[in-house]
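Below is one structure, written out as structure tokens, with a few remarks after it.
The values are calculated or read from the model by the stated rules, or taken from the named source; none is laboratory data. Values in this document were obtained by computation on a predicted structure and should not be read as measured data. Reconstructed Cβ throughout: ideal geometry from the backbone, glycine too, with neighbour counts over all protein chains shown.
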Amino acid sequence: MKAVETQTPTQPHGLLSRYNEVTRDVHRGFIAEWTVTIILLLFGMTTLVQAFVIPSASMEDTLLIGDHVLVDKLLYAPSGPVSKHILPYRDVHRGDVIVFRYPEDIKEDYVKRAIGLPGDHIKLVNKQLILNGHAVNEPYAVHKTGYIDSYRDNFPSEPNTGLFPGGIDMLEHHVVNGEVVVPPNSIFAMGDNRDNSSDSRYWGFVPRENLVGTPLIIYWSFEAPGEDLTNPNIGVDHLVDIVTHFFTRTRWSREFRLIRGYPLK
């Protein structure tokens with residue numbers, strides 16, 4: 001004869017107690033899950049990826065004023081003895097689009113293109129980039145003025161405008177035979193909009209440790225005045241402007257556009 005397992009009937013108050021206990025466990029689990037999720041999202045957004053908005057025209061036509069981009073902060077991070085084998089770290093390549101802390105004010109973030117790496121020789125002749133003795137094809141570069149500026153377009157030369165301390169130091173200590181020579185742990189960066197870019201020609205080199213990352217993708221592009229985007233206290237008027245003109249001034253053709261470097265040799 002088969003033995004039949006018996007179970008003591010549960011009293012009603014026991015069922016209620018068990019229900020409350022399960023409910024509490026579910027609530028605790030739900031809160032714990034969302035807490036962990038939020039922490040991971042915040043960690044990812046501040047450590048791995050960060051959102052930036054482009055406030056100036058210096059990178060036109062690659063990046064426009066009002067482009068909102070996600071920046072990979074991991075790519076250029078210093079690698080350790082183990083992490084360098086399992087994480088996608090790499091050094092900067094010529095032609096990369098880079099985000100960095102502005103050398104003259106590290107509270108500001110700038111975006112430019114890496115043109116020269118340590119040891120590179122750089123000069124401009126009538127707007128043409130000469131890198132290590134060779135003229136370079138730059139399909140991303142645009143020139144929006146028809147005249148030749150004696151300093152901007154024939155660089156390095158006698159400045160015809162005020163320079164920042166880093167730019168003065170560069171001209172005094174890092175020019176050899178009419179070419180700028182990039183020092184160790186430094187990057188020479190320029191905007192793609194060559195005729196309208198405050199870049200290494202004016203404030204010198206980007207220290208390697210100032211690198212923040214590289215833009216990956218444009219996730220939203222909204223046509224807005226640059227002064228609205230550089231104002232640290234975005235006003236109600238700007239928010240109203242976004243809500244009012246979201247559909248008409250969003251550049252839909254730029255949504256989810258990937259940002260890629262262009263190899264320079």
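Details
- Residues in segment 133-185 that are under 14 Å from Tyr202 (Cα atoms), surrounded by fewer than 12 Cβ atoms within 10 Å (Cβ to Cβ) and touching a residue at least 24 places away in the same chain (Cβ under 8 Å): Thr161, Pro165.
- Any hit, segment 189-198, residues being aliphatic (A, V, I, L, M), within 22 Å of the chain's Cα centre (by Cα) and at negative phi: yes
- Contacts under 6 angstrom Cβ, first residue in segment 247-260 being assigned to a helix (DSSP H, G or I), partner surrounded by 10 or more Cβ atoms within 10 Å (Cβ to Cβ) and of a type in the set (S, T, N, Q), 6 or more apart: Arg254/Ser221
- Residue in segment 158-171 that is touching a strand residue (DSSP E or B) at 6+ places or on another chain (Cβ under 9 Å), modelled with pLDDT of 95 or more and outside any helix (DSSP H, G or I) present: no
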